[in-house]
Amino acid sequence: MRCFLWAVLFVALSAGGAWAQSPTAQHVAGQISQILAQSTAAGARSSAMARGLRDQQGGAQAVQKTDEVTKLTVVSLVVGAIAADPANIGDIVNAAVGAAPALRDEIVTAAAASYPAFAPAIHAAVGNAPQSHSAAAIPTPQTTLIAAAPADPVPQPQNDMAPLGAASGLATINDPLERINRGIFAFNDVLDRFLIRPIALGYGTIAPDPVKRSVRHFFTNLRAPIRFGNDLLQLDGPGAATTGGRFIVNSTVGILGFFDVATRFGMAHQPADFGQTLHRYSVGSGPYIVIPVLGPSTVRDGVGTVVDTFMDPLTYLLDTYPRIAVSATEAIVRRESLIEPLDELRAGSVDYYAALRAAYFQDRAVVLSKGQAPAQSAADDAFDAFE
């Protein structure tokens, strides 16, 4: 009888702890449980199909891809939830780790890297810092991408983050225009749902993967002069030499850039834009803004986009309508490469606006330091496809 009473008390206390969690934390835990269940089912289907086709290697690759998407989705969900409800960061991280203990280190590392000012609260929520052996045991491109931000040797401008208040002791993304930004974001989302995404999806369905890959290479090569100019403005001689060499090799041997031959010769692509150039000279990011049609940006990067347009030779070589046609085609090609990662981000987010905003800042942290994200990273595909 005594054992029974202790068991009842233990269950009651455990339930009380769950009830004490914030609504955001409870939602995150529930979403993660659903994501893991779906991932397990998808992995089982891939394995069964591979056994039926006697393609063990293909089955293993499919399972690995499923695991990578799962980790990306879970991490994006946690980062977006923190952005939407920073006051309950401890509950959110603790609930996420409780729902996915195998991803503990990925969750803690990504959350602490995305919000450095929250790091003490994040580590306190789970007891200590991530264990290095666990992170090494479950390597993912997304973990590498997010973790690269705090290791950036180029410090972030001080006004990239704005205080919530002395009482909170936390920091948040500088988004004083959030109400306006959300209105523009809603407009962009409707435009994307009913026009841009369907066109991109149709293109992705019709075009074979090698064709889509070649077209992406073409547009990346087409923007090489902009990157070259910014490398020069940043006094980055090696970067300019690499960018110039890539443009020459890919435009000739690579047949107008449709084939990325330069990478095989050891000349890896690296991003460079005028927003990055301004950062190089310690110009702060300014407030976060959402630009109609174009999407997430900051004041600094928005100015950079305008300057890059004037630096683009196509601005002077093509008439207005052909230039618009090229830009529209590039936008559709880029959006096709974003379908899977953005759909996953939307499905796994408590607040899609906040999650996309957080993902933008994560990516820019890597770009500003000229860090190279892994080629297969879903986040890299989502935001660096045409840097």
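Each label was represented as a point 7 Å from its Cα along the Cα-to-Cβ direction; for ALA119 and ALA328 these points are 4.8 nm apart.
Put a dot 7 Å past the Cα of LEU317, heading toward its Cβ, do the same for VAL190, and the two dots end up 3.9 nm apart. Relative contact order of segment 178-384, taken over Cα pairs closer than 8 Å and 6 or more residues apart, is 23 percent. Candidate cross-link partners of LYS370 among the lysines, defined by an alpha-carbon separation under 26 Å and a same-chain spacing of 8 or more, comprise LYS71, LYS212.
What list do you get for GLU106, GLU344 if you sort them by fewest beta carbons within 10 Å?
Values: GLU106 27, GLU344 19.
Ranked by crowding around the Cβ, least crowded first: GLU344, GLU106.
Exposure proxy for LYS212, LYS71: other Cβ atoms within 10 Å of each Cβ, ordered fewest to most, give LYS212, LYS71. Over all orientations, segment 178-384 has a Cα convex hull whose mean projected area works out to 11.8 square nanometres.
Computed from the Cβ-Cβ distance with R0 of 56 Å, the FRET efficiency linking ARG179 to THR252 stands at 0.65.
Only the coordinates and a few stated rules stand behind these numbers; no lab work does. Model, not experiment: these values are computed from the prediction. Here Cβ is always computed from backbone atoms with ideal geometry, including for glycine, and neighbour counts include all displayed protein chains.
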